[in-house]
Structure formats: C-alpha cells, structure tokens
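Trainee: Have a look at the structure that comes next, please.
Bear in mind that the values in this text are calculations on the coordinates, not laboratory data. In this text, all values refer to a predicted model and were calculated from it rather than measured experimentally. FYI the Cβ positions are ideal-geometry reconstructions off the backbone, even for glycines, and counts take in every protein chain you see.
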Amino acid sequence: MSHPKIQHYVPRFLLSEFTKGNKKQFYVFDKQNEKSFISNVENVAAEREFYDIESDGSRYSIEEGLSDLEDKTSKIIKMIIRNESLAELTTESKVLLSVFLSIQTTRVRNFRDSLQTTYELLEDKLTRMGADLNNIKNFDIMTEEDIKELSISMVTKSAHNFSPHLLKKGWLLIRTTKEIPFIISDNPVTLDNSLQSEGRGNIGFAVEGVEVYMPISDTLCLYLICPSYVDKLMLYYKKFKRKDFIKKIFFQPRVQMDEEIRRIYHSIIKGSAYDIDKEGVVRQNSLQIINSSRFIFSPINDFKLVKDIIKKNPRYKKGPVPDIN
C-alpha cells in the first residue's frame with residue numbers, strides 16, 4: 001500500500017457516521033468565515049503529510065500506526081452503534097477504546113496549534129522580562145517543524161499517559177434522535193468539569209470531576225463519568241438521599257429523581273443507552289463547537305447554535321487558546 005499524502009486527524013470511519021445518503025456527504029460549518037457548505041469525509045479534517053517528519057535525512061510517520069488503530073477501533077464502535085449498547089464491550093475492547101480516545105486528543109490540529117501558541121506566549125513573556133532566550137537552560141528556540149515533531153512524539157505517549165485514567169471512569173452511552181442530532185467537530189474528544197479549582201485549571205483526564213465525551217454517530221455519544229460521581233451515584237441509588245446531586249451532573253433535572261437515578265444506574269451497570277432531551281444535546285453540541293479548531297460537521301444544515309455561540313463570544317471562532325500567567 002502506498003503511503004498516503006493526505007492524512008486525516010479525525011478518522012473517516014467516525015466522520016462517516018454523521019453523513020447522509022450514499023455519497024457520504026454532510027454539512028460543514030467554517031467558524032472563521034461563518035459559512036456552511038456540503039462536503040464528504042475525504043475532504044475534511046485532513047492535511048498533507050500531517051504525521052510525516054524528516055530527521056537526519058530519513059522520513060518517519062505515525063500514519064500507518066494510526067490507521068491500524070482506527071481499523072481495530074472502528075469494529076468496536078460499529079458494534080456499539082449497531083447494538084445501541086455498551087453491554088458487549090469486553091475489557092480488551094474498553095482498553096482499545098481508551099487508547100483511541102487518548103490518542104485522538106493529541107493527534108488533532110488543535111493540539112498542535114496549542115503547542116505552538118504556548119511556545120510563542122512563553123517566548124514573548126520571557127523576552128518582555130528581559131531574558132536572553134539563547135542563555136536560558138533547557139529552553140530551545142523552536143521552528144514550526146520542531147513543534148510538529150514534538151506534537152507527533154506526544155501522540156505516541158498519550159495512550160500510556162491518559163488511557164489508565166479513562167478506564168477508571170464510569171462508561172455511559174447517551175442517545176438522542178435523528179431529529180435532534182449530535183454534531184462532531186475537528187476536535188471530537190471534549191472534556192468538561194463543573195467543579196471549579198481555585199487558582200488552577202480544572203480540565204485534565206485525572207482531575208476530579210472531569211467528564212469526557214466523544215460522539216460516535218448522529219444519535220450516540222460516549223460519555224465517561226468521573227469515578228467520584230459514579231461512587232456517589234451508586235450510594236444515592238441505594239439510599240435515595242441528596243437527590244439534588246443529580247441536577248448538577250446529569251441531563252434531565254425536571255423529571256422524577258427516583259426514576260432518573262434508576263435509569264442512570266441501570267445504563268452504567270448494564271451498558272444500555274441513556275436517552276437525553278434537547279437540553280442535553282445542546283450541551284453536548286456546544287462542547288463540540290467551543291473546542292473545535294475551525295470546522296463543525298452535521299447531518300443537517302442547521303448551524304444556529306454555532307452562530308449564537310460565536311456571536312456571544314467571538315473567541316470561540318478559534319479553538320481553545322492556552323494562557324501563560
């Protein structure tokens with residue numbers, strides 16, 4: 001097989017679950033110019049030689065390794081979509097999915113751009129402080145190619161660093177309808193945390209309260225819940241105390257709490273899909289929009305939510321930007 005020049009940072013098998021028709025087409029929204037268009041999975045979330053690097057006269061690539069991981073993972077995700085359930089997910093399959101999710105967070109354009117921005121902010125900060133960059137120990141002046149090589153090296157390490165934390169979380173499959181579909185972006189694995197941390201960030205796979213999401217089709221999304229929440233949920237399921245807790249972390253606060261606790265508990269333990277309402281879908285889709293670098297992909301031509309979000313906060317026209325304090 002010839003080495004592909006155009007390399008996707010969001011797998012085509014995943015994108016294809018958000019298309020309509022035999023042509024595998026969907027609607028794309030470009031946050032930068034605020035316009036939508038029709039495309040297919042071959043022409044989006046990809047760049048030329050994105051995973052190829054040259055060192056000492058030789059060329060290296062992680063493209064083949066990523067393709068192999070995608071091939072194995074796609075079989076698991078297709079099974080989940082077919083069954084609309086996590087019930088048949090084996091330990092081995094869950095490990096593989098954890099590796100896939102971990103790597104997906106670092107293989108995207110947004111991660112590489114964040115590294116570049118972090119370096120530029122640090123360089124600017126040190127320069128304004130009067131530092132001589134050439135004389136700072138362990139600080140190397142990095143080219144764009146250096147950033148690319150660094151980001152690729154971090155992709156290969158992410159599975160080892162992140163997947164153990166994902167395996168500890170509670171795994172839930174949330175479900176919507178085709179009339180109110182999930183969308184996906186060029187940065188599909190998103191993290192959220194309702195707990196605030198004083199003086200430091202609250203987003204990270206090992207941080208208490210962090211929830212991880214990745215839509216796998218227009219009607220299904222993987223939802224990984226913080227272990228501390230799962231422990232409390234199991235306790236409340238048994239005792240039915242502090243029912244207001246559910247209002248803070250789950251999607252349907254207006255229904256009877258007793259029945260809702262039973263449904264969530266059953267879905268986590270049994271692997272069955274947990275149906276969410278429009279409010280829950282908006283929350284999930286908002287995370288995709290906020291965390292995307294530039295492009296949103298949808299089976300329907302309705303991007304009102306995207307437009308509303310970037311109108312209210314124009315900084316979301318770009319992906320998450322790091323800060324140097």
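Trainee: Could you work out the longest stretch of the chain that avoids the GluC sites (Glu not before Pro) located in DSSP loops with at most 16 other Cβ atoms within 10 Å?
Mentor: Values: sites that count: 34, 49, 84, 88, 179, 198, 208.
After excluding every exposed loop site, the longest remaining stretch is 209-325.
Trainee: Let me ask something additional. Using 5 Å bins from zero, what percent of all Cα-Cα pairs in region 18-145 falls into each bin?
Mentor: Bin by bin from 0 Å, the calculated values are 2, 7, 11, 13, 15, 15, 13, 9, 7, 4, 2, 1, 0.
Trainee: Which chymotrypsin sites (Phe, Trp or Tyr not before Pro) does region 112-221 hold that lie in a coil by DSSP with at most 15 other beta carbons within 10 Å? If you can, show how the numbers build up before the last one.
Mentor: Working: sites: 119, 139, 162, 171, 182, 205, 213; in loops: 139, 182, 205.
Taking region 112-221 and a limit of 15 other Cβ atoms within 10 Å, the loop chymotrypsin sites (Phe, Trp or Tyr not before Pro) found are 139.
Trainee: Also: Considering only Cα-Cα distances, which of the following residue pairs are longer than 21 Å: 20/78; 24/307; 125/157; 5/317? Spell out each step's value before the answer.
Mentor: Numbers: 20/78 16 Å; 24/307 25 Å; 125/157 28 Å; 5/317 28 Å.
Over 21 Å Cα-Cα: 24/307; 125/157; 5/317.
Trainee: Also, I was wondering about something else. Taking amide H positions as placed 1.01 Å from N in the peptide plane, with prolines and chain starts having none, which residues 5 or more places from residue 175, or on another chain, fall under 5 Å of its amide H?
Mentor: It is 274, 275, 276, by chain and number.
Trainee: Compute the angle between helix 257-270 and the longest alpha-carbon principal axis of the chain, please, reported from 0 to 90 degrees and rounded to the nearest 10.
Mentor: Computed tilt is about 60 degrees.
Trainee: Sorting check: for 281-290, 94-103, which peptide has the highest mean count of neighbouring beta carbons within 10 Å, and how do the rest follow? Show your work: numbers first, answer last.
Mentor: Values: 281-290: 19.8, 94-103: 21.4.
Ranked from most to least packed, the peptides come out as 94-103, 281-290.
Trainee: Hey, how many Å between the Cα centroid of region 64-105 and the Cα centroid of region 274-294?
Mentor: Between the Cα centres of region 64-105 and region 274-294 lies a distance of 21 Å.
Trainee: Go through region 122-173 and name the trypsin sites (Lys or Arg not before Pro) that are in a DSSP coil and have 14 or fewer other Cβ atoms within 10 Å of their Cβ. Intermediate values should be presented prior to the final figure.
Mentor: Numbers: sites: 125, 128, 137, 148, 157, 168, 169; in loops: 137, 168, 169.
Counting only loop positions with at most 14 other Cβ atoms within 10 Å, the trypsin sites (Lys or Arg not before Pro) in region 122-173 are 137, 168.
Trainee: Helix 227-239 against the longest principal axis of the chain: what's the angle in degrees, Cα atoms only, rounded to the nearest 10?
Mentor: 10
Trainee: Here is a follow-up. In region 23-65, which trypsin sites (Lys or Arg not before Pro) are in a loop and have at most 13 other Cβ atoms within 10 Å, using DSSP for the loop call? Don't skip to the end; give the middle numbers.
Mentor: Numbers: sites: 23, 24, 31, 35, 48, 59; in loops: 23, 24, 31.
Passing sites in region 23-65 are 23.
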